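Some notes on the structure that comes next.
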Amino acid sequence: MEVLELGCVTERTAIMRLDRVSAARGEDILEKTMSIRFSHTLVHARDKKASSAFLTRILGLPPASPFGSFLVVQLDNGVSLDFLEVGDAAVRPQHYAFLIDEDDFDAIIDRIRTDALDYWADPRKQRPGEINTNDGGRGVYFEDPNGHLLEVLTRPYGSGASSTQA
């Protein structure tokens, strides 16, 4: 593989340039540029409109977009949460964690408190009304209308020096 001098271009631009070089040579573009990336996940909900609206409001995201039978909440990193209505069927609660910045944390915790939602510093819900400081950041857990355990955190686990274990 040849080395390209990138200068001040983004990784995406560099990949596109490599794609053009590979295509001109008749090489398999996907083999050179494809990496494993998380794309989307399904979120089962009794009411997909209410559930997606809850998430977008709490996280401060744009409204969900319809796609087939789904309502799609697009995250900033290209990953989407695709809400699927299951009607009266039981929803098996899942855990969804969102890495956010400090300013977003302040706004989100304000919305959680304004809505009088229960929140916890830990996933076992043994520290109600507290904010954890894992890895030198901040984080909380709270439930959506279907019982999914949502988490917002400002530092990835294992990234910081000080930690309050949950």
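Determine whether the range 116-125 contains at least one residue that is of a type in the set (Gly, Ala, Ser), closer than 15 Å to Thr154 by Cβ and assigned by TED's automatic domain parsing to the domain that holds Thr56. Yes: one or more hits.
Listed here are the strands (runs of 3 or more DSSP E) enclosed by the range 72-163 that have at least 2 residues being modelled with pLDDT of 95 or more and not aliphatic (A, V, I, L, M): 80-85, 95-99, 139-143.
Of everything in the range 103-144 that is hydrophobic (A, V, I, L, M, F, W, C) and farther than 16 Å from Phe54 by Cβ, the residue that is nearest to the chain's Cα centre (by Cα) is Phe105. Pairing each residue of the range 64-79 that is closer than 15 Å to Ser51 by Cβ with any residue that is part of a strand (DSSP E or B) and β-branched (Val, Ile, Thr), provided the two are 6+ apart or on different chains, yields C-beta distances under 8 Å for Ala64/Val72; Ala64/Val73; Ser65/Val72; Pro66/Val72. Does Ala53 fit the bill of being part of a helix (DSSP H, G or I) and modelled with pLDDT of 90 or more? It is true that Ala53 is part of a helix (DSSP H, G or I) and modelled with pLDDT of 90 or more.
Every condition in (1) buried (at least 17 other Cβ atoms within 10 Å of the Cβ); (2) more than 12 Å from the chain's Cα centre (by Cα) is met by Ser80 except one, and the failing one is (2). Across the range 50-68, the number of residues qualifying as out of contact with any helix residue (DSSP H, G or I) (no Cβ under 9 Å at 6 or more places or on another chain) and surrounded by 14 or more Cβ atoms within 10 Å (Cβ to Cβ) comes to 7.
The values are calculated or read from the model by the stated rules, or taken from the named source; none is laboratory data. Predicted model only: the values in this text are computed from it and were never measured. Positions of Cβ are generated from backbone atoms using ideal geometry, with glycine treated the same way; all protein chains shown enter the neighbour counts.
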